[in-house]
Amino acid sequence: MVSSTEFQTVLKTASGYLDVAANAHGEEKAFLAVQALKRTCHPSPHVVAVGPGGGSAVAHLASQLSLGEPHVESARLTLIEVPGVTSSSLADAVEAFSRVGTCQLVSGFAQDMGTLLTEPADVISASALLHEVYSYAGGYTGLHGVIRTLPTVLRPGGMFAYRDVYAVKGVSLHDGSLQTYTSRSWLRFLRMFVPQYLEHGTHPYHSASDPMVFRQDSRIVPVERLDEMTSAVIAAPAGVFREVQRHYITLRDHVWRSGVLGFRPFLEGPLAADWIDARRGHKRVHYALTDTDWLPDSQKSMLIALSERYIDHYTVDGDIFDECTDIALNAFLTLAEHGDGECGEVWQNWVTREGRETYAYMTLDSLLAAVAVHSTEVAQNQRTVLMPVQPTDVLRRDRTYYNRYLRRALPNPLRDAKQLVLFTNIPVGDTRSLSEGMHCLQQWCSKGSLARVYSAINSGG
């Protein structure tokens, strides 16, 4: 076991992880920040990016400003990053932004924004901030603390642009659900992942109504004794299935990047977007061979036989690659389960860095309500509340490639996507904006959540 500090700053923030695995989707990460700048009235807005990682969002924002979109006289960017975190890609992005504005990097934690920033922000942008805080900095207590901090560092009328993992469509992640698993690699993953996640991860599934019940051949079995050769029917909260599914995808990407399977696909850059049919999530996968020698030659030879040579590497239909990958991944998990060699090390690195995170602990309903309610609890001269005010302030970006794979791998998969919300810091005395905000919340929130928000706004803090 590594310490909490080492867990955050050594594995989660290793330069290789930030420069490659965490440095994608810059347009998506910066999308709402760009929209917020289009609506700001400040000629020289102060933008704060919390946890810039590899800098993909910073680079995209710089490119948009260089094109004059959005149109501002100048932009001042403050980056807040965990102490000791550096990456060459972030340094490049900072240099690019310095050509269109000013940029400073501040070391610290999101919880301390109030003391780290020397002036109010017009826009605060963050990706995955709340799930990181939830997983590593105090669960709901830490998460609610960050929400309460936001109104104190945003100007009235300022905006918080937030992006995170899409949860599920429903009121609660605790709603009971049934899932069927037939794939050997998924069953083995369940046996390896679920016990350590439920025991060591930060998650909300502790109540008597949250148990996971595993059945094979109509008999209840402990998760540790799941037989990967027999289909399993599992009863559990929808949120647990969401965690299993998202963690499997992150493990698969992690193992791919390691090259331990004998091939390493291109997951970033132009070759990662070679679509056959983008709307349906069907792509060509480009990959290079690695020198792994534990995988049977027949598996690598079969993949090569189904592929085509492309300059200095290979390309293959994504559906074929996914099927071959699941066979190879099952072989990997067989060795990793026994801690064997390189496979055991790759698994352990992933478990330590990603395996205890909780990606989706709130539905959109509960997220919007939590941000609104806790933002009103701040003692300040002018009380404000954080809410989206336009229908387009709440978006979902589907992961079509992953969804295509999941539909083929699971009988009833959950949707894989990102959810984006642009919150406005509304003074509680601004009745027009409050009315717009409540109207927007009505489209996403239950009546119970709306009642909580209404009560929080009118309770006086």
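Data table
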item	result
Any hit, region 252-260, residues being closer than 17 Å to L190 by Cα, of a type in the set (K, R) and surrounded by 17 or more Cβ atoms within 10 Å (Cβ to Cβ)	yes
Selected residue (only one of T230, T180 is surrounded by fewer than 16 Cβ atoms within 10 Å (Cβ to Cβ), among the hydroxyl-bearing types (S, T, Y), assigned to a loop (DSSP other than H, G, I, E, B) and at pLDDT 95 or above)	T230
Pairs where the first residue, in region 93-107, is under 12 Å from R76 (Cβ atoms) and the second is hydroxyl-bearing (S, T, Y), C-beta under 6 Å, 6+ apart	V100/S66; G101/S74; Q104/T78
Boolean, W444 is touching a residue at least 24 places away in the same chain (Cβ under 8 Å), part of a helix (DSSP H, G or I) and among the hydrophobic types (A, V, I, L, M, F, W, C)	no
Output for region 9-54, where each listed residue is assigned to a helix (DSSP H, G or I) and modelled with pLDDT under 85	T9, V10, L11, S15, G16, Y17, L18, D19, V20, A21
Residue list for region 434-445, filter: among the small types (G, A, S) and closer than 16 Å to V394 by Cα	G437
Number of positions in region 402-441 that are part of a helix (DSSP H, G or I) and within 16 Å of I249 (Cα to Cα)	8
Count of region 29-52 residues which are of a type in the set (G, A, S) and either more than 22 Å from D398 (Cβ to Cβ) or surrounded by fewer than 24 Cβ atoms within 10 Å (Cβ to Cβ) (or both)	4
Tabulated pairs, region 367-383, first touching a residue at least 12 places away in the same chain (Cβ under 8 Å), second crowded, with 19+ Cβ neighbours inside 10 Å and of a type in the set (K, R), C-beta under 9 angstrom, 6+ apart or interchain	T376/R383
Qualifying residue in region 96-116 (condition: touching a strand residue (DSSP E or B) at 6+ places or on another chain (Cβ under 6 Å), assigned by TED's automatic domain parsing to the domain that holds L386 and among the basic types (K, R))	no
Members of region 285-307 found to be crowded, with 18+ Cβ neighbours inside 10 Å and modelled with pLDDT of 95 or more, listed by number	V285, H286, Y287, S307
Some residue of region 371-378 being assigned to a helix (DSSP H, G or I), within 30 Å of H439 (Cα to Cα) and small (G, A, S)	yes
E81 without any contact (Cβ under 8 Å) to a residue 40 or more places away in the chain and either in contact with an Asp or Glu (Cβ under 6 Å, 6 or more places away or on another chain) or farther than 25 Å from N425 by Cα (or both)	no
Condition met for T141 (free of Cβ contacts under 8 Å to residues at least 24 places away in the same chain and β-branched (V, I, T))	yes
Qualifying residue in region 83-92 (condition: farther than 15 Å from V58 by Cβ, outside the structural domain of H247 (by TED's automatic domain parsing) and either of a type in the set (V, I, T) or surrounded by fewer than 20 Cβ atoms within 10 Å (Cβ to Cβ) (or both))	yes
Neighbours by Cβ (under 8 Å, 6+ apart or cross-chain): first from region 299-310, assigned by TED's automatic domain parsing to the domain that holds F263; second acidic (D, E)	L306/D317
Flag if G201 is closer than 30 Å to R215 by Cα, out of contact with any Leu (no Cβ under 6 Å at 6 or more places or on another chain) and at pLDDT below 95	yes
Matching option when the condition is loosely packed, with under 15 Cβ neighbours inside 10 Å and on the phi < 0 side of the Ramachandran plot, among S98, S135, S125	S98
All strands (runs of 3 or more DSSP E) inside region 83-171 with 2 or more residues being within 17 Å of the chain's Cα centre (by Cα)	121-127, 154-165
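To keep it simple, each residue is scored yes or no on (1) surrounded by 19 or more Cβ atoms within 10 Å (Cβ to Cβ); (2) in contact with a Lys or Arg (Cβ under 6 Å, 6 or more places away or on another chain); (3) assigned to a loop (DSSP other than H, G, I, E, B).
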residue	(1), (2), (3)
L335	no, no, no
E342	no, no, no
W350	yes, no, no
M362	yes, no, yes
L367	yes, no, no
V385	yes, no, no
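The values are calculated or read from the model by the stated rules, or taken from the named source; none is laboratory data. Just so it is clear, the model here is predicted, and its values are computed rather than measured. Note: ideal-geometry Cβ built from the backbone for every residue, glycine included; neighbour counts use all protein chains shown.
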